[in-house]
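The values are calculated or read from the model by the stated rules, or taken from the named source; none is laboratory data. Model, not experiment: these values are computed from the prediction. Positions of Cβ are backbone-derived with ideal geometry, glycine not excepted, and every protein chain shown enters the neighbour counts. Please note that ligands, DNA and RNA were not included when accessible areas were found on the heavy atoms of the full protein model with its side chains. Shrake-Rupley method; radii C 1.70, N 1.55, O 1.52, S 1.80 Å.
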Amino acid sequence: MATDGTIRIENVTHHYRPPKGRPVHALDSVSLEVKNQEFVALLGPSGCGKSTLLYLIGGFMPIESGTIRVGGKPVTEPGPDRGVVFQHFALFPWKTVLGNVLYGLEHLRVPKDEARERAQRFIDMVHLTGFEDSYPSQLSGGMKQRAAIARTLAVDPDILLMDEPFGALDAQTRGIMQEELLSIWQGTRKTVVFVTHDVREAVYLAERVVMMTARPGRIMESVDTRFDEGGPGVMDRPDFVEKSSYIWNRIKGEAMAAVTAKAS
Amino acid sequence: MQGSSILSTFYRYSPLLLLALMWEAAVRTGVISELILPPFSETLTGWWALASDGALFTQAASSLKRAVSGLALAIVFGTTAGILMAWNVKIRTFLNPLIQMFYPMPKSALIPVMILWFGLGDMSKVVLIFLGCLLPIVVSSFNGARGVEDVLIWSARSLGASRRQVLWQIIVPAAMPEILTGIRTALAISFVLLVSSEFVIARDGIGFMISGFGDEGVYDRMFACIMTVVAMGFFADRLFQLFMRRVLIWRE
């Protein structure tokens with residue numbers, strides 16, 4: 001498989017068209033480059049089009065104007081080079097955990113025994129050993145999200161697109177999942193685009209936080225959020241706190257704008 | 001455990017027993033004339049007479065054959081049409097007015113047409129049942145397929161599935177709960193149409209027996225046949241529910 005997970009977004013403008021009512025200007029000439037193996041968080045007020053941008057990278061919607069290239073090739077449709085993790089897991093409810101993880105491997109035509117082995121490895125990695133034959137409805141939120149992550153990682157995509165993946169989880173599970181994601185990322189070094197509206201989460205997880213404006217979404221500013229040492233302890237350090245509050249202040253204005261725009 | 005479940009089944013169906021007792025009592029005491037309602041016990045003996053010479057079962061079997069054929073055809077065409085409608089705008093635009101037009105129409109109104117076109121044999125009943133069962137299945141399959149969340153389709157696509165594979169591997173199973181609910185409705189409709197069409201156009205079958213015994217005034221046997229239809233419908237529905245629970249085991 002290709003190993004170049006560079007994403008180049010140039011001048012992308014997009015309108016969201018609800019089945020009824022006027023089209024909404026969601027993205028306005030967005031340009032952004034995400035380097036191979038980089039972990040970028042997209043941060044912005046709700047409705048700023050950050051998820052839309054992620055879906056466009058995923059190839060789930062046609063691009064109206066501008067271009068998105070992944071590994072040098074223009075995006076036209078979804079593909080296994082870009083794995084996705086959604087907020088509400090999007091597991092196939094009629095398949096077991098194992099069935100879900102095997103799904104992508106079946107499409108890659110991985111021989112049965114090997115697929116089974118590989119699926120098991122990823123199930124073990126996300127600590128779901130023993131739940132292979134459980135259906136998603138039998139799992140907790142955190143376990144569902146782990147299964148979804150295992151399913152995505154099993155096909156070994158160059159890029160991970162994550163749409164508020166921990167937004168539906170309780171605070172404690174969320175903290176654990178963040179640690180697990182970081183260790184997975186350090187182990188596999190995939191390009192990650194992580195959409196969130198949680199400032200601390202963005203600053204903690206990502207190497208770079210890209211802030212977006214309220215609708216129509218534009219890139220507002222890009223902030224380097226690498227710290228010398230990792231681990232959850234970093235969140236108490238002054239440089240972490242300082243960066244977080246800087247980003248929070250930048251975002252706050254946009255969040256206010258989004259709220260007042262909704263009210264009017 | 002075993003004992004208590006038998007007991008609870010007994011309690012659940014005790015209203016039926018009560019109804020049978022009231023039926024018997026009402027006729028025996030003369031509250032309801034025996035001329036229009038045979039006592040429950042005589043209905044049972046009538047049933048036994050029909051059952052022991054095998055006539056009841058051969059008639060019921062030929063009825064069942066018609067219902068199953070019509071329903072099976074409706075399942076094949078109905079689910080296909082419903083899912084394709086959800087999948088493709090052109091197909092939807094084409095079929096939608098036809099469906100809206102025929103949906104509220106009572107299909108029994110077509111019985112004379114069926115006689116005209118297909119005669120008195122099996123075909124007329126099978127086609128009628130097919131038509132009656134078709135639309136509920138089309139509509140439920142369409143709604144089921146329409147309601148499949150985008151994120152499921154997107155997940156499948158980004159795991160390497162093609163658009164066509166998504167149809168079979170994602171949309172069909174995701175729509176299955178609604179498809180099966182539609183089929184269950186159709187199953188009930190198939191019995192209604194079966195019996196009413198056999199009243200009018202048939203030379204055998206359980207509906208034909210009901211109207212035949214009615215015309216001859218053999219009411220105990222007529223009621224025996226009616227009860228048989230009730231039982232058939234009940235068990236068919238029960239069996240289908242069991243099947244549904246099996247298929248949808250993943251739902252909690």
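A compact table of results
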{"item": "Search result, residues across the stretch A:215-264 that are of a type in the set (Gly, Ala, Ser), surrounded by 13 or more Cβ atoms within 10 Å (Cβ to Cβ) and modelled with pLDDT under 85", "result": "A:230, A:253, A:255, A:257, A:258"}
{"item": "Single unsatisfied condition, residue A:170 versus (1) of a type outside the set (A, V, I, L, M, F, W, C); (2) open to solvent by 30 Å² or more (accessible area, probe 1.4 Å); (3) at pLDDT 90 or above", "result": "(3)"}
{"item": "Selection status of residue B:90, within 20 Å of residue B:198 (Cα to Cα), open to solvent by 80 Å² or more (accessible area, probe 1.4 Å) and out of contact with any strand residue (DSSP E or B) (no Cβ under 9 Å at 6 or more places or on another chain)", "result": "no"}
{"item": "Given (1) modelled with pLDDT of 95 or more; (2) under 30 Å from residue A:25 (Cα atoms), index of the condition residue A:91 fails", "result": "(2)"}
{"item": "Helices (runs of 4 or more DSSP H) contained entirely in the stretch B:28-128, each with at least 3 residues that are touching a Phe, Trp or Tyr at 6+ places or on another chain (Cβ under 8 Å) and at pLDDT 95 or above", "result": "B:55-87"}
{"item": "Complete set of residues in the stretch A:75-94 that are assigned to a loop (DSSP other than H, G, I, E, B) and hydrophobic (A, V, I, L, M, F, W, C)", "result": "A:75, A:86, A:89, A:90, A:91, A:92, A:94"}
{"item": "Condition broken by residue B:124, with the remaining ones in (1) open to solvent by 40 Å² or more (accessible area, probe 1.4 Å); (2) in contact (Cβ under 8 Å) with a residue 40 or more places away in the chain; (3) closer than 23 Å to residue B:206 by Cβ satisfied", "result": "(1)"}
{"item": "Cross-chain or 6+ apart pairs with Cβ under 6 Å, the stretch A:79-102 first and more than 8 Å from chain B (Cβ to nearest Cβ) and under 18 Å from residue A:53 (Cβ atoms), then among the small types (Gly, Ala, Ser) and open to solvent by 20 Å² or more (accessible area, probe 1.4 Å)", "result": "A:87/A:167; A:87/A:168"}
{"item": "Verdict on residue A:162 being outside the structural domain of residue A:239 (by TED's automatic domain parsing) and either under 18 Å from residue A:70 (Cβ atoms) or modelled with pLDDT of 90 or more (or both)", "result": "no"}
{"item": "Any hit, the stretch A:32-52, residues being more than 13 Å from every other protein chain (Cβ to nearest Cβ), touching a residue at least 60 places away in the same chain (Cβ under 8 Å), among the polar types (S, T, N, Q) and closer than 16 Å to residue A:161 by Cα", "result": "yes"}
{"item": "Filtered residues of the stretch A:43-74 (kept if among the polar types (S, T, N, Q) and assigned to a loop (DSSP other than H, G, I, E, B))", "result": "A:46"}
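For (1) over 19 Å from residue A:72 (Cβ atoms); (2) open to solvent by less than 30 Å² (accessible area, probe 1.4 Å); (3) in a strand (DSSP E or B), each residue gets a yes or a no:
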position	(1), (2), (3)
A:4	no, no, no
A:9	no, yes, yes
A:21	yes, no, no
A:26	yes, yes, yes
A:36	no, no, no
A:41	yes, yes, yes
